[in-house]
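Read the figures in this text as sums done on the coordinates, not as results from a lab. All values reported here derive from a predicted model rather than from experimental measurement. Here the Cβ positions follow ideal geometry from the backbone for every residue, glycine too, while neighbour counts run over all protein chains shown.
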Ligand SMILES: Nc1ncnc2c1ncn2[C@@H]1O[C@H](COP(=O)(O)OP(=O)(O)O)[C@@H](O)[C@H]1O
Ligand SMILES: CC(C)(COP(=O)(O)O)[C@@H](O)C(=O)NCCC(=O)O
Ligand SMILES: [K+]
């Protein structure tokens, strides 16, 4: 069995592949290293041969998780590393090591699945957009605050915007102008994300006409899927890239 981990700024996405590595036998989203251990320890018949991971956390945090996993399951962990070029994709950053590894893997996965020009949009703590041309050249991308950051900025930098998570979820059932703070904020931020998506689509059309594939990934991809009906929603896009960057030994 193989354990795969995508350590974002807010959550760790994990999944276990079976003896047939095309099959996901267990998966989850957790908010801490300890919660990850708990989830994994709760699985019966877990026998890990390999572990591969991508992390956008600090080197210290990543190393701590690696040694935790080595201690608990006796596996060594392969970590995705920056590259100037891989699987036909050329990293477009001036300093290629600075490009977020989750972005890089989602790009590898997207270009592989599209076999051509693609726009990769990731909705996590931050929102990212990356443009990969038909020849695999990464043209660059954009980073902006995601839903969790936008709502938390409003909550922490104003005095009267206060509401709970349950109300937030319900507020997004519609996008008509809000008649309560929670509706006004949640819908307002959701529309910001949708506007961002539309701008990215316009830019992609300027580059490539209609000849490109759009990928939506990240925990909040569903919030914007409606404005990009042509897009492929691929929640495990980072894992597609992870398998390419860290093939089994
Ligand atoms: N099952 C889930 N568990 C946790 N967060 C989720 C889940 N489904 C959707 N989300 C949303 O996804 C967002 C986090 O996305 P994610 O891609 O995990 O971020 P990051 O990679 O930055 O940690 C949060 O706004 C959260 O509300
Ligand atoms: C942009 C990100 C913060 C996104 O992280 P996430 O929202 O997935 O947790 C991450 O990819 C990152 O730290 N990137 C490094 C900076 C860059 O890509 O330019
Ligand atoms: K992510």
Original post:
For a label point 7 angstrom out from the Cα of residue 85 toward its Cβ, which stretches of the stretch 124-138 have the backbone nitrogen within less than 14 Å?
Top reply: 135-138
**OP:** Using label points projected 7 Å from each Cα along Cα→Cβ, tell me how many nm separate residue 166 and residue 70, to one decimal.
**Re:** 4.5
**OP:** Figure the gain on full extension for residue 174 and residue 192 (residue separation times 0.36 nm, minus the Cα-Cα span) and round it to one decimal in nm.
**Re:** 5.0 nm
**OP:** Per DSSP H run of at least 4 residues, take -39500 (n - 2.57); add these up for the chain, divide by its residues and hand me the 222 nm value, nearest 500 deg cm²/dmol.
**Re:** -12000 deg cm²/dmol
Original post:
residue 248 to residue 41: extension gain in nm, 0.36 nm per residue of separation minus the Cα-Cα distance?
Top reply: 72.2 nm
**OP:** Could you grab the relative contact order for the stretch 110-182? Cα pairs under 8 Å, six or more apart, rounded to a whole percent.
**Re:** 20
Original post:
Based on the Cβ-Cβ distance from residue 24 to residue 158, what FRET efficiency comes out when R0 is 45 Å, to the nearest 0.05?
Top reply: 0.60
Original post:
Rounded, prolate or oblate: which one fits the chain, using the alpha carbon gyration tensor with axes a ≥ b ≥ c (rounded when a/c is under 1.5, else prolate when a/b beats b/c, else oblate)?
Top reply: oblate
**OP:** State the extension gain, in nm to one decimal, for the chain segment bounded by residue 181 and residue 49, taking 0.36 nm per residue of separation less the distance between their alpha-carbons.
**Re:** 42.5 nm
**OP:** Mind ranking 122-135, 73-86, 165-178 by how tightly packed they are, going by the mean number of other C-beta atoms within 10 angstrom, highest first?
**Re:** 122-135, 73-86, 165-178
**OP:** Measure off 7 Å from each Cα along the Cα-to-Cβ vector at residue 232 and residue 34, then give the distance between these two points in nanometres to one decimal.
**Re:** 4.0
Original post:
Over the chain, what is the mean sequence separation of C-alpha contacts under 8 Å (at least six apart), divided by residue count, expressed as relative contact order in percent?
Top reply: 18
